[in-house]
Each structure stands twice: as C-alpha cells, then as structure tokens.
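Input: a single structure, listed below in structure tokens.
The values are calculated or read from the model by the stated rules, or taken from the named source; none is laboratory data. Just so you know, these numbers come straight off a predicted model, no measurement behind them. Glycine gets a Cβ as well: all are built from the backbone with ideal geometry, and neighbour counts include every protein chain shown. Ligands, DNA and RNA are stripped out before the accessible areas are found, and what is left, the full protein with its side chains, is counted by its heavy atoms. Shrake-Rupley method; radii C 1.70, N 1.55, O 1.52, S 1.80 Å.
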Amino acid sequence: MPVKIIRGDITKLHVDAVVNAANSSLLGGGGVDGCIHRAAGRELLDECRLLGGCKTGDAKITKGYNMPCKYIIHTVGPVWRGGHNNEPELLASCYRKSLELAAEHDCTSIAFPLISSGVYGYPKDKAIRVAMDTVKEYIFSHDDIDVYIVVYNRDRFEIDEKLYSDVNEYINANLPEMYSGSITEQEPRMNRDIPDDFDDYYDVMSIFSDREASVSEPLSSVQEYSTEKISFDDSLESMLDNMDESFSDALLHIIDSKGMTDVQCYKKANISRKHFSKIRSDVNYRPGKSTVIAFAIALELNLDETQSLLRTAGFALSHSNKFDIIIEYFIIHGTYDIFQINETLFKFGQATIGG
Ligand code: AR6
C-alpha cells in the first residue's frame, strides 16, 4: 500500500506491473513508450497490434516480455491544451484504470512514469499533483499494492513554489554551516542521501534490477540529541518517557490514546499492512528512523512527542541534516500530510518516509 517516489529508469524495475505512457495506437513511439518497447522486445509490439488501440484515459494490459516486470499496462494520457479540456480528469482516469487493471491481475506492485508530462506537454507540477492525489485516493481503499511514482533522471520534480522556498529558508536558518554545503536545489537522487534508515533504503533499491546506484553504508544509526525538555505532566510525551516501553508497545499505546484504529494509523503513515503486522507482533521490533517518523506524522505528534517516540527506538531529530530539519518544519507547522512531506523530501534529495 505505500506510495514511494523514486528516481530512475522504469524499464529496470522489478515490479509486477510497469505503466507505459502510450499513444492511442499502442504501436510504440518516443519517450517512455520507446524505452519500454526497446526493453521488452519485438513480441510486445506483436501483442499490442491485437489490442485495437486505446482511448485517452483508458488502459490495456500486455505481458512484460524481456522487461523484469510481469505486465505492462499501456495507458494514454491527455495532450495538454491549457487545462480546460478535461485534462485533469483524463489523466486521473489513466492512473485509476491502470490501478484497477493491476488489481484484476493480482499485482502487488506497480510503477508509473509521470504520464503526459513529456511529449504530451502536461506541466510537471500539475501532472505530479494529479498522480499523487489519484494514487492516494485509490490506495486508501486498497491496501494490497505498493505504488512507485518514477521520476526520470532528466525530469525536474516540482513542488509548490511557496512551500519550497519556505522549507529552503527553514533549512538555511537551522542547518549549521558545517553541514550545509550550498543549499541550492538538488536533483533528487535515488534516496542516496539517506539518513539513518538503511532497511527502508534497501527496500527501494531492491526493485531496481541492475542496482545502478551504489548501496552505501548507512550513517550512524543513533544520533545523540540533547534538547531542553519541556514537561507537561499529563502529556503523551511524559507518558512515553516514563513508561520505558519498547517502540511497538509505545506505538500501540499512542494509537489507542488517540482513538485511532490500527488501519487508520498505518494507512495515514504510508506503511504497508505487512510491515505494521510485523511491528504489532514483535514487542522488540527495531524500526528504521523513517518508520518511526511516519507514525509520528500519522499520529500528529508534536515535536516533543515525536522526539519521545524516536527515543524508544534509539533515534532523535537533530539539526545536523536536512532530512531532520524538513521533518521538523512540517511538525511545527502542524502539516501532517505524509504525501506532501514525501514530495518535499524527494525535492530536497532526501529519503522519503513510510513503506
Ligand atoms: N523511465 C521513467 N520515466 C521516463 C522514461 C523512463 N525510461 N523515459 C521517459 N520518461 P513521455 P507522454 C518520463 O513523453 O508525455 C510517446 O511518443 C518523461 O521524462 O514518455 O505521456 C507516446 O507514444 C516524462 O516525465 O509520455 C505518445 O505519443 C514521462 O516519462 C507520447 O509520447 C512521460 O513522458 C506520450 O507522451
């Protein structure tokens, strides 16, 4: 069920289904369509010829042939004509129909390129918005599929300009010079600028067939962080600090105290059901830092509560890296939309959370 934004070549992914941004003939073309046909081989074209084309907003499925995926789902995005010709609805329909087709074929993972955002001219920031919103809505009621939004190497990943400049300013104000380098816009990399969460990183890397990016050692897994503690006697924070609980006990406790169900919580955290079951069934489960943060976001914890939950797993938020500062920015602004947080992390070349 989690959604991950990743960077790379979609033809290399080990997922059940790869989505192709095709044209209505389904007989191949440029862009990602050309890459997919080249990677899959001649037999793909033979099967495509039997499909009778495809309408804009619709999707059809074929085998994956020489690609590492089982299926290729061909969808036809709208050509951008200014935005008042049903483009958002048609684009959303491409994502929905592709997800439905994948579900009919029992796919448990699917990768999308940014449909329509190349040759068809859909502005990238708007195309990403439609992609994220549609996928988010779908997976809320279908938690048995992992979705990857693949941003190609040459693409620029756009987020809301004001959010970008606010976060950038916040990083500049909080990241000590010694850690900063220059904080100009970075090309998002394949989660290489990973903070502490090696396991989650490896999960994403493992869907790439040729491991193009090197798997580097994780940074230190525990960051010491001392902060002047503000104590509220009845607060969740002091409850957590006084309980000496394991992460999974603490998590289940907070879920109850917030009156949430497990399902509401793991969905909001962008965490898969499988991952959550592991946490639930193992009192000594050792989560990655990004997992803990995903739950802190889902539970809408404030900064002190987040630090307390992180401590149960041996982590902390500090000002020594951009990842932590970006998380802090969202928490102190009370913005708990994990998808927006992930888009921002990705934009700044950081690992995303959840999974
Ligand atoms: N992996 C991931 N993304 C890719 C790849 C790749 N290998 N190659 C390109 N992209 P486009 P459209 C990105 O033009 O706009 C074709 O000729 C690309 O950077 O492939 O829907 C068809 O036959 C961009 O962000 O598709 C149609 O005629 C995104 O994929 C027409 O283009 C989509 O760009 C469809 O145009």
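What shape does region 39-137 take by its C-alpha gyration tensor, where a ≥ b ≥ c are the square roots of the eigenvalues and a/c under 1.5 counts as rounded, a/b above b/c as prolate, and the rest as oblate?
prolate
Provide the net charge surrounding Tyr170, with neighbours chosen by a C-beta distance below 12 Å and charges set as Lys +1, Arg +1, Asp -1, Glu -1.
The answer is -3.
Relative to the present Cα-Cα distance, how much length would full extension add between Glu43 and Lys274 at 0.36 nm per residue of separation?
Extending this stretch completely gives an extra 79.6 nm.
Under a point-charge model restricted to the Cβ atoms of Lys and Arg (+1) and Asp and Glu (-1), what is the dipole moment magnitude of region 1-117 relative to its Cα centre, in debye to the nearest 20?
The calculated dipole for region 1-117 is roughly 220 debye.
Could you tell me the distance between the Cα centroids of region 287-355 and region 148-174, to the nearest Å?
Measuring centre to centre over Cα atoms gives 16 Å.
Taking a 1.4 Å probe, which of His275, His333 shows the most accessible area, and what order do the others take after it?
His333, His275
Can you tell me the FRET efficiency between Glu300 and Leu50 if r is taken as the Cβ-Cβ distance and R0 is 30 Å, rounded to the nearest 0.05?
It comes out at approximately 0.05.
Would you mind getting me the FRET efficiency between Lys136 and Asn284? Use the beta-carbon distance for r and R0 = 35 Å, nearest 0.05.
Once the sixth-power term is evaluated, E becomes 0.60.
Quickly work out the Ser25-to-Asp256 label distance, labels modelled 7 Å from Cα along the C-beta direction, and quote it in nm with one decimal.
Each label point is offset 7 Å from its Cα along the Cβ direction, giving 6.4 nm.
How far apart, in nanometres, would the label points at Glu161 and Asp125 be if each is projected 7 angstrom from Cα along the Cα-to-Cβ direction?
0.6
Could you tell me the calculated FRET efficiency between Ser246 and Asn66, based on Cβ-Cβ distance and R0 = 45 angstrom, to the nearest 0.05?
0.45
Determine the alpha carbon to alpha carbon distance for each of Lys60/Lys97; Lys63/Lys97; Lys55/Lys136; Lys4/Lys136; Lys63/Lys124 and list only those over 19 Å.
Lys55/Lys136; Lys63/Lys124
Net charge near Lys70: determine it from the other residues with C-beta under 11 Å of the C-beta of Lys70, scoring Lys and Arg +1 and Asp and Glu -1.
Taking every Cβ under 11 Å from that of Lys70, the sum is -1.
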